[in-house]
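Peer 1: To start, I am sharing the structure in question, which I have written as structure tokens.
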Amino acid sequence: MELDTRATGATGRRVEQPQVWKRFKKQKTLHLFVGLGMIFLLIFAYTPMFGILMAFKSYSISTGIKGIFTSEWVGLKHFDEFVNDYQFGTIVRNTLMLSFLKVIFAFPAPILLAILLNEVKNMKFKRFVQTISYLPHFISWVVVGGIAFAFLSTDVGMVNKALMGLGLIDKPLDILTNPDYFWGFAVGSAVWKEMGWWTIIFLAAIAGINPSLYEAAQIDGAGRLARIRHITFPGMKGTIVVVLILTIGSILGGGLVGSNFEQAFLFGNSINNSTSEIVQTYAFKVGLRDGRFSYAAAIDLVQSVISVVLIFSSNYIARRTSGSSLF
């Protein structure tokens, strides 16, 4: 280790000081911010993990926090009950289908938009499109629900009124209540809301590509599509792999757009329940409505374990196949 010498005390003796400690003192403000972040994670992310014990116990809220440790141990009883629940197959199917559809359609969308925006030479138009595309990210799903009702409801929906006025349909489309439309509506609204936000990351990856590569390719006669294929896309590969790993790790929550619970809870109802009920909403309902906190904790723990397995598996596969990985 590199050492630094500094005169100290009245004796004039020199005390050797590690260079690492010297650098730490220079960066004390940065370390303070990191320390605050670590404290936040410790309090709000790691400390609540003691609640996982509820999944293996017969917990009652009347016993308070102490009951998490003193309640009767029941082992895998709640897990077995969930697997044998009559709704288990439907809930798991809805969760997986909604999540995989979002990966298929929501993941490529911001990549494609970033490539298209990179090819736009008019900077004013480019900034306008980029701003318009990421503004929906700042709209909450509750507000999106109100917008959807105003446009798509069978009674006052502007879209239905316009289509009926043009004679294109005979009766209003029940998009918000028909179970056949829920998955398509959920995926489409999620892409609309989050596509522009994730485009920022991929545009940053494109900005890091050396411009001389494009100049050399253009001199060699490479067309626009060839430059995208051999320069732009490979330059984005590292970012794409990292985002894909994070997407797969959170696939049960909606992946890249991460909105399964909000959409299912806000847009789900007793009519479209056969396609809108997912693991998160089911756990939420049985946990708060029925007061079965141990059962809800077991359901969420199953989902969390699956997510951890998926993120480690996808990271391993990405490292072996492409050489890029998250860790």
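The values are calculated or read from the model by the stated rules, or taken from the named source; none is laboratory data. Not measured: the values here are computed from a predicted model. Please note: Cβ atoms are built from the backbone with ideal geometry, for glycine as well, and neighbour counts cover all protein chains shown. Please note that ligands, DNA and RNA were not included when accessible areas were found on the heavy atoms of the full protein model with its side chains. Shrake-Rupley method; radii C 1.70, N 1.55, O 1.52, S 1.80 Å.
Peer 1: So in the stretch 177-210, with the set limited to residues that are closer than 20 Å to Ile91 by Cα and among the aromatic types (Phe, Trp, Tyr), which one is farthest from the chain's Cα centre (by Cα)?
Peer 2: Checking each candidate, the answer is Tyr181.
Peer 1: If the requirement is being among the β-branched types (Val, Ile, Thr), touching an Asp or Glu at 6+ places or on another chain (Cβ under 6 Å) and either over 19 Å from Gly255 (Cα atoms) or assigned by TED's automatic domain parsing to the domain that holds Ala207 (or both), which of these qualifies: Thr154, Thr131?
Peer 2: Of the residues listed, the single one that is among the β-branched types (Val, Ile, Thr), touching an Asp or Glu at 6+ places or on another chain (Cβ under 6 Å) and either over 19 Å from Gly255 (Cα atoms) or assigned by TED's automatic domain parsing to the domain that holds Ala207 (or both) is Thr154.
Peer 1: Give, as residue ranges, the helices (runs of 4 or more DSSP H) completely inside the stretch 259-327 that count at least 3 residues that are hydrophobic (A, V, I, L, M, F, W, C).
Peer 2: 260-267, 279-288, 293-321
Peer 1: Pairs please, first residue from the stretch 274-287 and touching a residue at least 24 places away in the same chain (Cβ under 8 Å), second anywhere and basic (Lys, Arg), Cβ atoms under 8 Å, 6+ apart in sequence or on different chains.
Peer 2: Pairs that qualify, where the first residue is touching a residue at least 24 places away in the same chain (Cβ under 8 Å) and the partner is basic (Lys, Arg): there are none.
Peer 1: Residues to consider are Leu176, Leu246; find the one that is farther than 30 Å from Glu81 by Cα, in contact with a Leu (Cβ under 8 Å, 6 or more places away or on another chain), not in a helix (DSSP H, G or I) and not polar (S, T, N, Q).
Peer 2: Exactly one residue qualifies, and that residue is Leu176.
Peer 1: Mind counting the residues in the stretch 147-167 that are among the hydrophobic types (A, V, I, L, M, F, W, C), more than 20 Å from Val191 (Cβ to Cβ) and either in a loop (DSSP other than H, G, I, E, B) or open to solvent by 60 Å² or more (accessible area, probe 1.4 Å) (or both)?
Peer 2: Qualifying residue count for the region: 4.
Peer 1: Looking only at the stretch 1-59, filter to residues that are charged (D, E, K, R) and touching a strand residue (DSSP E or B) at 6+ places or on another chain (Cβ under 7 Å); which one of those is modelled with the highest pLDDT?
Peer 2: Taking the candidates together, the pick is Lys57.
Peer 1: Among the residues of the stretch 293-313, is there at least one that is hydroxyl-bearing (Ser, Thr, Tyr), on the phi < 0 side of the Ramachandran plot and out of contact with any helix residue (DSSP H, G or I) (no Cβ under 6 Å at 6 or more places or on another chain)?
Peer 2: Yes: one or more hits.
Condition check ((1) among the polar types (S, T, N, Q); (2) touching a Phe, Trp or Tyr at 6+ places or on another chain (Cβ under 6 Å); (3) within 20 Å of Ser324 (Cα to Cα); (4) outside the structural domain of Val129 (by TED's automatic domain parsing)) across all residues:
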{"residue": "Phe202", "(1), (2), (3), (4)": "no, no, yes, no"}
{"residue": "Ala207", "(1), (2), (3), (4)": "no, no, yes, no"}
{"residue": "Ser212", "(1), (2), (3), (4)": "yes, no, no, no"}
{"residue": "Ala216", "(1), (2), (3), (4)": "no, no, no, no"}
{"residue": "Ala222", "(1), (2), (3), (4)": "no, no, no, no"}
{"residue": "Pro234", "(1), (2), (3), (4)": "no, no, yes, no"}
{"residue": "Val242", "(1), (2), (3), (4)": "no, no, yes, no"}
{"residue": "Leu252", "(1), (2), (3), (4)": "no, no, no, no"}
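Peer 1: Which one of these is modelled with pLDDT of 90 or more and small (Gly, Ala, Ser): Ser259, Ser313, Ser274, Ser322?
Peer 2: Ser274
Peer 1: Which count do you get for residues in the stretch 196-238 that are of a type in the set (A, V, I, L, M, F, W, C), loosely packed, with under 15 Cβ neighbours inside 10 Å and farther than 26 Å from Phe107 by Cα?
Peer 2: 2
Peer 1: While we're here: Considering the stretch 168-188 alone, what residues qualify as being open to solvent by 80 Å² or more (accessible area, probe 1.4 Å) and not acidic (Asp, Glu)?
Peer 2: Leu168, Lys171, Tyr181
Peer 1: Here's something else I'd like to know. Just one of (1) crowded, with 16+ Cβ neighbours inside 10 Å; (2) within 23 Å of Met97 (Cβ to Cβ); (3) of a type outside the set (Phe, Trp, Tyr) trips up Asn269, so point out which.
Peer 2: (1)
Peer 1: Which residue pairs have Cβ atoms closer than 8 Å, lie 6 or more positions apart in sequence or on different chains, and pair a first residue in the stretch 238-267 that is in contact (Cβ under 8 Å) with a residue 60 or more places away in the chain and over 16 Å from Met195 (Cβ atoms) with a second residue that is open to solvent by 40 Å² or more (accessible area, probe 1.4 Å) and among the aromatic types (Phe, Trp, Tyr)?
Peer 2: Correct list of pairs: Ile251/Phe100; Gly253/Phe261.
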